[in-house]
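The values are calculated or read from the model by the stated rules, or taken from the named source; none is laboratory data. Being a predicted model, the structure only gives us computed values, none of them experimental. Don't worry about glycine lacking a Cβ; one is built from the backbone with ideal geometry, like all the others, and counts go over all protein chains shown. Quick note on the areas: whole protein, heavy atoms, side chains included, nothing else; ligands and nucleic acids left out. Shrake-Rupley method; radii C 1.70, N 1.55, O 1.52, S 1.80 Å.
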Amino acid sequence: MTEVERQIRPHVITKRGTHRIEVTGDMDKSTYCWWQLLVFACLLCCHTSDLMTTYGKIIPQSPVVEIGKNFTATCVLYSTAEGTADDIFWTCKDKVPEEQYTKINDSAVSVTIKITKETCKWLLCKRRSRSISNLNTQITGIMLTKGYPPEKPTNLSCMAEQSGQKISSIVMCSWIPGTRDEELVTIFSLHCRRHGQVNLLLVAASGVCMSAMLSHICTAEGTADDIFWTCKDKVPEEQYTKINDSAVSVTIKITEETCNWLICERRSRSISNVNTKIHGIMLTKGYPPEKPTNLSCIAEQSGQKISSIVMCSWIPGTRHEILDTKFSLYCSEPNKIFNKTAERSNGFIDTETFPNFIELTFWVEVTNSLGTVRSDDLIIEDANYLVKPNPPLDVHIISENTFPRSVLVKWKQPIDKVYLKLKYNIHFKAVDSKDWSEVPRNETQSDMESFRLQRLMPYTKYEVRVRCIQQTEHGYWSNWSVIAGHLTPEDKPSSKPDLWRVVIPSQGKSERTVNVTCKDPVKSNGWIRNYSLKIQGGGLKPLLVNRSDLGSQSQGRKIIQLHQFVLADDEKSHIELNAWNSAGESPKASLTIPKLTEEPHSVKSLSWFTKNSSLWVEWAPPTEKDVTEYILEWVSVSDGALDWQREDGRNSKYLAEIRGDLEKFKRYNVSVYPLYSGKPGKPRTEAVYLEQKAPKVGPVVKTSQDWKNEVELEWTEIPLDDQQGFITNYTISYTTGNQENFWVVPANTFSHTLKNLTGKSKYVVKVMASTVAGGTWGTEFTFNTLEYDPGEMAGIVVSVCMTFLFLVVSVVVLFIFKMERIKKKIWPPVPDPSNSTIANWSPDFPYKKDAPGESGLGDVSVVEVDVFEDRQHCEEDKAGLPLKKDKYLSEEHSSGIGGSSCMSSPRQSVSDSDEGGDSGQTTASTVQYSSVVAASTSGYKGQTPQSCPSQIHTPSFVRSESTQPLLESEEQPESREGSGQVHLRHPRDTYFRRSPAGNGDDDGGSGEERSGNLADLNQLEMGEHRSTFLRFSPVDEGSPQATPMEEDQTPDIQPGPMSSYLPQLRGARPQ
């Protein structure tokens, strides 16, 4: 050291912003070093003071605000702040609207907010950032303690009880404190003024396990033995401790359910047996605070500097204290301690100026009525270890066409190197990738502002992000920067195009239609502009397909339709394809289409399943071992959209995930083709769904055939797009009244017959289509069953008709076989005049008795017969003379039988009703009897018949038209049977008599001829019947004919007019 140096004495002069050192006097070498260290410390302190400058403050600090009123706070910027009042904004959870701001001056802004129970606890004042990072700077903040002012107590009353022979010195008071909770810690104090003095009594108690002792002055009326304790219920005496004759203590366990009031009482000795409350205390229950753990703090960058506000967080504890608990955050510098009331698990401290390079200590104190606890100290050797810088600024990417696989990433440092020296972390990835790639950190440790990424894919858009931290890696990583994206330059394709074909068989022809399709190469390294297609076989030449010729829609699709051609079944074809971009040509892709009969075998089996919203396909390989690839092809059944993917033939699991964009609830046909060195084999196809759910709509049902107890239902298949899954079955629901029935049919059934239905009933039917995920009901359909089955009514009608026909036939057959008996039942037998007994045929012919063998013949009534002579007969009368016997026999029971001639005249019927009281007359209608007409040459009396002189008249018998009633003897045949004789009334004995002779005009035969004719007639009649009753029968052809009388012969009968019948006694009407 020189002489000059020894004589120098140091003198340091410092000013804010400037530093000047003057050295004078003498010093040794060690002193000189100490002075240098002192100067360096002074300079460092000056520089640190500049860095720890605060930005502003809020007035008032930590206010207590009233709920329901407005609160106004003012934020004042310090001169060191880089900003004005226009940059200030307020946040209270969210940003406070600027309408509530009031600008006081260029460095002060106030805000007015409405205080409610939901208002935030922290009101922060911030400054808008003007840097590129666009990160706002927090200036300062205040904590709002909300609550209500105390309400005025009302209804105050006090009472002093008698104690022994004196009045107790304890005065008990009560009041109504108010209707709302103050939300703040509120102390109630009871004051008593006496003789100008005020005594303060504060009642409080708390603890986990407590003891309470009551001192009592003994009197003649009570001792310690009379004392007992109540806490809701009486406290057991085992918990009491007798201190002396006037004091008893009690010990109770405090829990959350323990009562709020502990009361000391005295047993009563009076007749009323009313205990006396001596005193009581209110128990405020809670837990002592727990020790906070895991304390950590952070200081963020604000602008170009580090913020003076240090944010800390911790774990407060596992239980709630219940009591009002205060959390305080402390920060200690070498010569100063900062503290701030904090939230339960976080808080902040404003250090005014961030203490770079200074050691800091942080801790948390928790205090409530039961005690205070302090966390472990967090010692930070260097305050910069708390810093979290802002992310790098202006991150961007630069590429070069000559390097298609490399780009340059550039950025700017967020903070000046004076404060922090940083290292960086770089992530990058392709846009369509999910995973980020990281640049090794040892390559970015130095202080840099750019980095080159290599081994990238050409013509690929990459994204890059960057973050930073101190080089020592103390502190915190910044947030990631804004992502920068860039497209790398093109390079010639490094993979071949994905070539495929779709073969469509022709209907009725031995040929196939081949559609050649492809996808861009996986590593196209650029935009494919055209394809070079060469088809060998099928007579086609090489083709050049320009990508622009495919149209704008095709450019946006993954599947490119290249060409279509027709190929015969017995021909094969070989296809080659190259892709081109701006940088060059891709490798060649080839595909062979074999003859139809030479297609290789397919895979043995194919199955599918879904897992994690993906479709997986599994197959069994074919028997051939030379499979190079597998093509997985899927086609949308609804719109025919096609896609495929390739799988390596060496895939030992034979399992693959479909990587296409499959839609849920949509059916696809998935096919697996084995590829034998570019030659596809036969496919194996399965229908699949990525996900299934219930059909959109249900089946529409209707009836196709109806019966009485059955009905056939049919429904159409749900459209494929509405099925949304594989139909597993159909459920039929049919309801009548309140009874509902179900029937399940397979999925391939579209009709079903419901049986055992009720006829003529109304049914409501609907069908549900079900998948594995659920079912959907179709619309309801109403039908009515028939009352009769088709054909049943016709059967009933036919049965009735057949039954009726059978009855008719039976009746007819019965009538045929029983005709005689039926005729007798319907038509009673008519008496036959031929069997009647004629009392007198004439005076000349007496009657004789009936022969015994003819007594059974029917009787006839007596009929008057006029025998006249007529010389001339009409030609018609001759024709009626010869009457056949069989004719009369066939007509013997007829009531209307009789011959007709020009000589006969009809007579009126005689009704039986005119017979008066004749009980034997039973016939309701008149019966026409036979009449005997004797043909003669003379006409009837009073008639002049037309003469036929040339003809000879022979007497004959014809039927009479008489309506005369039955004879009495014939009505009562039993009288004859009993006596064997016929009894006739006298008036009827002469019913038959000789006919009177003709008048003078008659020119008939002589009387002898007429008498001879009558005799012949009588003989003929009497010879046939041999009975007293005359029975008529036709004249035999061989019987002798009566000879007509001569004209001049005079008859025996006297001429004169005479009626045809005699007067009748029983009501016969005149003829």
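Condition first: assigned to a strand (DSSP E or B), under 29 Å from the mean Cα position of the chain (by Cα) and of a type outside the set (Val, Ile, Thr). Now tell me which residues in segment 661-690 satisfy that.
Taking segment 661-690 as the starting set, the residues that turn out to be assigned to a strand (DSSP E or B) are 667-676, 679-680, 684-689.
Then keep just the ones that are under 29 Å from the mean Cα position of the chain (by Cα); that gives 667-669, 687-689.
Those that are assigned to a strand (DSSP E or B), under 29 Å from the mean Cα position of the chain (by Cα) and of a type outside the set (Val, Ile, Thr): ARG667, TYR668, ASN669, ALA687, TYR689.
Would it be correct to say that VAL395 is without any contact (Cβ under 8 Å) to a residue 24 or more places away in the chain and either within 22 Å of ILE469 (Cβ to Cβ) or touching a Ser or Thr at 6+ places or on another chain (Cβ under 9 Å) (or both)?
Numbers: without any contact (Cβ under 8 Å) to a residue 24 or more places away in the chain: no; either within 22 Å of ILE469 (Cβ to Cβ) or touching a Ser or Thr at 6+ places or on another chain (Cβ under 9 Å) (or both): yes.
Here the answer is no, as VAL395 does not meet what is asked.
Right, GLU449: acidic (Asp, Glu), under 17 Å from TRP480 (Cα atoms) and over 58 Å from the mean Cα position of the chain (by Cα) or not? Full working, then the answer.
Details: acidic (Asp, Glu): yes; under 17 Å from TRP480 (Cα atoms): yes; over 58 Å from the mean Cα position of the chain (by Cα): yes.
Yes: the conditions hold for GLU449.
State which residue pairs qualify: first residue at negative phi and inside segment 739-758, second residue loosely packed, with under 13 Cβ neighbours inside 10 Å and part of a strand (DSSP E or B) in any location, beta carbons under 8 Å apart, and separation of 6 or more residues or different chains.
SER751/SER704
Checking ASP416 against (1) touching a residue at least 24 places away in the same chain (Cβ under 8 Å); (2) farther than 30 Å from LYS523 by Cα; (3) assigned to a strand (DSSP E or B), which single condition isn't satisfied?
ASP416 satisfies every listed condition except (3).
Filtering segment 110-146 down to residues that are of a type in the set (Gly, Ala, Ser) and in contact with a strand residue (DSSP E or B) (Cβ under 7 Å, 6 or more places away or on another chain), which residue is modelled with the lowest pLDDT? First the steps, then the outcome.
To start, the set of residues in segment 110-146 that are of a type in the set (Gly, Ala, Ser) comprises 110, 129, 131, 133, 141.
When the remaining residues are screened for being in contact with a strand residue (DSSP E or B) (Cβ under 7 Å, 6 or more places away or on another chain), the result is 110, 129, 133, 141.
Numbers: SER110: 91, SER129: 73, SER133: 55, GLY141: 85.
Checking each candidate, the answer is SER133.
Could you please find all residues in segment 373-384 being out of contact with any Pro (no Cβ under 8 Å at 6 or more places or on another chain) and buried (at least 17 other Cβ atoms within 10 Å of the Cβ)? Working first, answer last.
Narrowing segment 373-384 to residues out of contact with any Pro (no Cβ under 8 Å at 6 or more places or on another chain): 374, 376-382, 384.
If the condition is that a residue be out of contact with any Pro (no Cβ under 8 Å at 6 or more places or on another chain) and buried (at least 17 other Cβ atoms within 10 Å of the Cβ), then LEU378, ILE380, ASP382, ASN384 are the ones that fit.
Can you confirm whether segment 761-775 contains a residue that is outside any loop (DSSP other than H, G, I, E, B), loosely packed, with under 13 Cβ neighbours inside 10 Å and either out of contact with any Gly (no Cβ under 8 Å at 6 or more places or on another chain) or at positive phi (or both)? Write out each step before concluding.
To start, the set of residues in segment 761-775 that are outside any loop (DSSP other than H, G, I, E, B) comprises 762-771, 774-775.
Then keep just the ones that are loosely packed, with under 13 Cβ neighbours inside 10 Å; that gives 762.
Checking which are either out of contact with any Gly (no Cβ under 8 Å at 6 or more places or on another chain) or at positive phi (or both) leaves us with 762.
Scanning segment 761-775 turns up at least one residue that is outside any loop (DSSP other than H, G, I, E, B), loosely packed, with under 13 Cβ neighbours inside 10 Å and either out of contact with any Gly (no Cβ under 8 Å at 6 or more places or on another chain) or at positive phi (or both).
So which of GLY775, GLY759 is modelled with pLDDT of 90 or more and farther than 17 Å from SER704 by Cβ?
Numbers: GLY759 fails: modelled with pLDDT of 90 or more.
Among GLY775, GLY759, only GLY775 is modelled with pLDDT of 90 or more and farther than 17 Å from SER704 by Cβ.
Looking at segment 560-589, which of its residues are open to solvent by less than 60 Å² (accessible area, probe 1.4 Å), of a type outside the set (A, V, I, L, M) and in a strand (DSSP E or B)?
Correct list: HIS563, PHE565, SER573, HIS574, GLU576, ASN578, ASN581, GLY584.
Would you be able to say whether some residue in segment 691-714 is under 29 Å from PRO521 (Cβ atoms), modelled with pLDDT of 90 or more and in a loop (DSSP other than H, G, I, E, B)? Please lay out each step first, then the result.
Applying the first criterion (under 29 Å from PRO521 (Cβ atoms)) to segment 691-714 yields none.
Scanning segment 691-714, I find no residue that is under 29 Å from PRO521 (Cβ atoms), modelled with pLDDT of 90 or more and in a loop (DSSP other than H, G, I, E, B), so the answer is no.
Please enumerate the residues belonging to segment 460-512 that are in contact with an Asp or Glu (Cβ under 8 Å, 6 or more places away or on another chain), outside any loop (DSSP other than H, G, I, E, B) and aliphatic (A, V, I, L, M).
Passing the criteria: only ALA484.
Give the number of residues within segment 590-619 that are within 21 Å of ARG684 (Cα to Cα) and not in a loop (DSSP other than H, G, I, E, B). Quick ask: steps written out before the conclusion?
Pass one, segment 590-619, residues within 21 Å of ARG684 (Cα to Cα): 591-610, 614-619.
Pick out the ones that are also not in a loop (DSSP other than H, G, I, E, B) and you get 591-593, 596-598, 605-610, 614-619.
Residues flagged as within 21 Å of ARG684 (Cα to Cα) and not in a loop (DSSP other than H, G, I, E, B) within segment 590-619 amount to 18.
I need the full set of residues from segment 341-372 which are open to solvent by 30 Å² or more (accessible area, probe 1.4 Å), in a strand (DSSP E or B) and touching a residue at least 60 places away in the same chain (Cβ under 8 Å), in order please. Explain how you work it out, then say what you get.
Just the residues of segment 341-372 that are open to solvent by 30 Å² or more (accessible area, probe 1.4 Å), to begin with: 341, 343-346, 350, 352, 357-359, 365, 367, 369-370, 372.
Retained after the next criterion (residues that are in a strand (DSSP E or B)): 341, 346, 350, 365, 367, 372.
Within segment 341-372, THR341, ASP350, THR367, THR372 meet the criteria.
Filter segment 710-726 for residues that are open to solvent by less than 60 Å² (accessible area, probe 1.4 Å) and closer than 20 Å to GLY759 by Cα; which is nearest to the chain's Cα centre (by Cα)? Walk me through it before giving the result.
Going through segment 710-726, the residues open to solvent by less than 60 Å² (accessible area, probe 1.4 Å) turn out to be 711-713, 715, 718, 720, 722-726.
Subset that is closer than 20 Å to GLY759 by Cα: 711-713.
Values: VAL711: 26, GLU712: 25, LEU713: 22 Å.
Within segment 710-726, the match that is nearest to the chain's Cα centre (by Cα) is LEU713.
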